[in-house]
1. What residue, among those in the stretch 167-178 that are open to solvent by less than 90 Å² (accessible area, probe 1.4 Å) and assigned to a helix (DSSP H, G or I), is farthest from Asn139 (Cα to Cα)?
2. Of these, Leu39, Leu87, which one is hydrophobic (A, V, I, L, M, F, W, C), in contact with a Leu (Cβ under 8 Å, 6 or more places away or on another chain) and closer than 23 Å to Glu173 by Cβ?
3. Taking the stretch 1-16, which residues are in a loop (DSSP other than H, G, I, E, B) and of a type in the set (A, V, I, L, M)?
4. Gly108 passes all but one of (1) touching a Phe, Trp or Tyr at 6+ places or on another chain (Cβ under 6 Å); (2) open to solvent by 30 Å² or more (accessible area, probe 1.4 Å); (3) of a type in the set (Gly, Ala, Ser); which number fails?
5. Tally up the residues in the stretch 17-54 that are under 17 Å from Ala106 (Cα atoms), open to solvent by less than 90 Å² (accessible area, probe 1.4 Å) and touching a strand residue (DSSP E or B) at 6+ places or on another chain (Cβ under 7 Å), please.
6. How about the stretch 17-44: which of its residues are outside any loop (DSSP other than H, G, I, E, B) and either of a type in the set (D, E, K, R) or free of Cβ contacts under 8 Å to residues at least 12 places away in the same chain (or both)?
Amino acid sequence: AAYFLALKGFDVTVFEKRRQLGGMLRYGIPAYRLPDADLDRDINVILSIRVKVEYGVTVGKDVSFEDFRGKFDAVYVTIGAHGAKKLGIEGEDAKGVLSAVELLGAVGEAGMRDEERGMRDGVLSLFKDKRVVVVGGGNVAMDATRTSKRLGAKSVTCVYRRRIVDMTALPDEVAGAQAEGCEVMQLMAPVKVAVEGDQAVGLVVKPQIS
């Protein structure tokens, strides 16, 4: 939006909640699929044509729409879709259960898209030497699976209720996860998260018939 408005001659100011631009491209797609350098190159082209950015600004908290009325002729809301979906099963709110959006967002937020540098904000401790299970069969599930492996997980298992050939993830992503040592468990549907105290300790699954 900023790019095309600027091309039409408008002075554009972007208010960004996070400390870097990129949205889900930065905070949802792992660096091994979309390197920072490539993303930054495209963003810098946009910023070079009459586009200003104010970082770390939460609209509704730091500024209000009323603040905009006297300063701007128009406001365009482009907040994206960063919400996470839940499975609706018992135990999914236990400690140790994360959505893929939370996981990938934490990696991007920490500036650790090159996961080999490690995490600085404690997120790594959730994965280092742990057994991780990921539920799903799409590209986001593969991103979470392969990122967990890169974060030092002892083992990573992706559980999917249909067959591997039915997965919506790109075949190369599935093959890549398996080549990296991740297990893909097909025909298993999640029933509940096993919990001890307030901590998730396992996933109960039910075999499915193809």
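1. The extreme case among them is Gln178.
2. After applying the criteria, what remains is Leu39.
3. Correct list: Ala1 only.
4. Unmet condition: (2).
5. 1
6. Our first condition is that a residue be outside any loop (DSSP other than H, G, I, E, B); within the stretch 17-44, this holds for 24-27, 36-44.
Those that are outside any loop (DSSP other than H, G, I, E, B) and either of a type in the set (D, E, K, R) or free of Cβ contacts under 8 Å to residues at least 12 places away in the same chain (or both): Arg26, Asp36, Ala37, Asp38, Asp40, Arg41, Asp42, Asn44.
Residues checked against (1) of a type in the set (Val, Ile, Thr); (2) at pLDDT below 95; (3) in a helix (DSSP H, G or I); (4) touching a Cys at 6+ places or on another chain (Cβ under 9 Å):
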| site | (1), (2), (3), (4) |
| --- | --- |
| Ala106 | no, yes, yes, no |
| Gly111 | no, yes, no, no |
| Val133 | yes, no, no, yes |
| Arg146 | no, no, yes, yes |
| Cys158 | no, no, no, yes |
| Arg162 | no, no, no, no |
| Val204 | yes, no, no, no |
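Quick grid of which residues meet (1) of a type in the set (A, V, I, L, M); (2) in a loop (DSSP other than H, G, I, E, B):
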site: Glu54; (1), (2): no, no
site: Val57; (1), (2): yes, yes
site: Lys61; (1), (2): no, yes
site: Glu66; (1), (2): no, no
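The values are calculated or read from the model by the stated rules, or taken from the named source; none is laboratory data. Here the structure is a predicted model, which is why all the values come from computation and not from measurement. Reconstructed Cβ throughout: ideal geometry from the backbone, glycine too, with neighbour counts over all protein chains shown. Side chains included, ligands, DNA and RNA excluded: accessible areas come from the protein's heavy atoms. Shrake-Rupley method; radii C 1.70, N 1.55, O 1.52, S 1.80 Å.
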